[in-house]
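Worksheet for the structure shown next.
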Amino acid sequence: MARENIHHSLEVYYEKVDCCPLRDRQFNFFEFVYVLSGKGMHGINGNLLPYKTGDLFLITPNDYHSFDLEEVCEFMIVRFAPSYVKSYRWESIDHIECLLYYASHFSGSILINEADKLMVGNLMQNLQHTAELKSIYYEDLMRHLVNAIIVIAARNISLIKPQSISPNADARILQIIDYIQEHIRQPERLKISMIADKFGLSDTYLGSYFRKQCNESIQQYISSYRIRLIEHRLRFSDKRVHEIADEFGFADESHINKFFKRHKGLSLRAYRDTFKSANKMSS
């Protein structure tokens with residue numbers, strides 16, 4: 001798997017391509033991919049969904065993705081390091097980095113609000129023009145445009161995510177959440193004792209600290225995040241149940257089915273069949 005690094009805290013560029021130059025790229029930064037034109041399939045973290053003009057994808061650190069293009073496509077790419085988000089004083093969204101990391105729960109376009117789709121389209125066109133023109137103060141202007149896109153993205157993500165993370169969440173909780181997401185397929189790395197030792201905390205303090213910061217227990221967060229990823233596998237990939245069980249560190253199909261049914265009330269196969277039936281009825 002190709003791993004890419006960012007050389008500056010913010011990078012913006014335009015791409016017109018007829019094939020994906022690199023497949024299953026993994027980053028250590030955030031990346032917005034906005035579809036200016038074209039269509040195809042977008043693969044992210046093993047899930048595959050169609051994309052079209054006007055879609056906005058947010059790839060978070062530790063995600064991996066690629067595009068299968070059906071025609072010549074144009075993209076605006078915005079890359080920014082986690083430090084870029086931390087360096088800006090967001091007036092009303094102190095936990096904006098938590099919201100951005102939460103985008104890894106989703107595989108599709110993060111734009112939900114119709115008015116915001118139009119606004120982002122205009123911002124991306126202005127960003128493209130600014131990047132190409134490179135007139136005086138263009139870097140300052142690009143930062144303002146990118147910041148507007150980040151706020152709109154966070155607003156749309158907040159429409160989807162549960163209102164769990166505290167507005168006063170601090171930097172350490174972001175690191176813990178990032179650690180959980182990075183190791184979600186390795187249950188042995190997600191034991192309370194292991195996480196507590198990693199961040200220099202006692203087991204008891206970690207539990208109360210996480211609940212205070214995120215309004216849910218750390219075990220609830222880990223379970224809900226794992227469930228979300230399993231749901232994506234069932235909906236957007238062709239992986240078999242035993243393959244999904246192996247991927248997420250379950251002993252066998254019975255173990256993962258008990259876990260999934262406890263949270264969703266359905267076996268994995270029943271959930272997949274329900275989703276497929278709903279798709280047939282809507283098509």
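The values are calculated or read from the model by the stated rules, or taken from the named source; none is laboratory data. Since we're looking at a predicted model, the values are computed, not measured. Note: areas computed on protein heavy atoms with side chains; ligands, DNA, RNA excluded. Shrake-Rupley method; radii C 1.70, N 1.55, O 1.52, S 1.80 Å.
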- Query: Which value, in Å² rounded to 10, gives the accessible area of Y88 with a 1.4 Å probe and all protein chains present?
  - Reply: 100 Å²
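Can you tell me the equivalent ellipsoid semi-axes for the stretch 220-259? Use √(5λ) from the Cα gyration tensor, largest first, whole Å. Walk me through the numbers before you get to the answer.
Numbers: eigenvalues 44, 37, 11 Å².
The answer is 15, 14, 7 Å, longest axis first.
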- Task: Leaving ligands, DNA and RNA out of it, work out the accessible area of C214 with a 1.4 Å probe and give it in Å² to the nearest 10.
- Result: 0 Å²
- Item | Nearest-10 value in Å² for the accessible area of T274, using the 1.4 Å probe | 80 Å²
